[in-house]
Amino acid sequence: MDLEALMRCLGTGSCVVTQLTSGMIIGMLLFLIASGVTLIFGVLNVTNFAHGSLYMAGAYIALTLYQASGNYFIAAVGAAVAVGLLGVAFERLLMSKVYGSNVLMQLLVCYAVILMFGVALASFVPWIISVAIAAREGPGLSQNIGWMTRPGVAARHA
């Protein structure tokens, strides 16, 4: 880390404002996540850490629907409906079996779902692997990701 550049940046008002607002945004996001988990656990007495996998599935479903239709509205509504159905299936088929059981069993079920979503995503969305490879190979490469183009990433050499 370059301490001189950091001190020069902190000497300007725009840098301080940017750092403060970024810190507030991250803090608010962490608060929303923590309050959501607390609310779910407090009201339902269920520990569910698989929400992130459902969000991830919704993002990729929306991307796939947008690529297929070219319409943002169809992609957003279709992804919301698909993730809603996926969430209902997750709750009915898996989480309802561990209600009232040990918290570790609930965490184990959620962790298994997270792993399954990761494997399924790597299997059915092959361009993720090509993006990771392009990022490792260095500058000058660009990757077409749906409706945007990701510019090449400079390789970091130790």
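Every number in this text was worked out from the coordinates using simple rules, so none of it is lab data. Quantities reported herein were computed from a predicted structural model and do not represent experimental measurements. Neighbour counts run over all protein chains shown; Cβ positions are idealised from the backbone, glycine included.
Computed across segment 1-44, the Kirkwood radius stands at 12.6 Å (inverse of mean 1/r, all Cα pairs). For segment 22-83, a Kirkwood radius taken over Cα pairs fed into Stokes-Einstein (4 °C, viscosity 1.567 mPa s) yields D = 97 µm²/s. Take the Cα radius of gyration of segment 46-125 and divide it by 2.2 N^0.38 Å, N being the number of residues; the result is 1.21. Computed extension length for A34-L104: 23.3 nm, one decimal, from 0.36 nm per residue of separation with the Cα-Cα distance subtracted. Taking the Kirkwood radius as Rh and the Cα radius of gyration as Rg, segment 1-104 has a ratio of Rg/Rh equal to 1.17.
Computing FRET efficiency as 1/(1 + (r/R0)^6) for M56 and S96, where r is the C-beta to C-beta distance and R0 is 30 Å, gives about 0.85. Placing dummy labels 7 Å off each Cα toward the beta-carbon, the span from Q19 to V81 is 4.9 nm.
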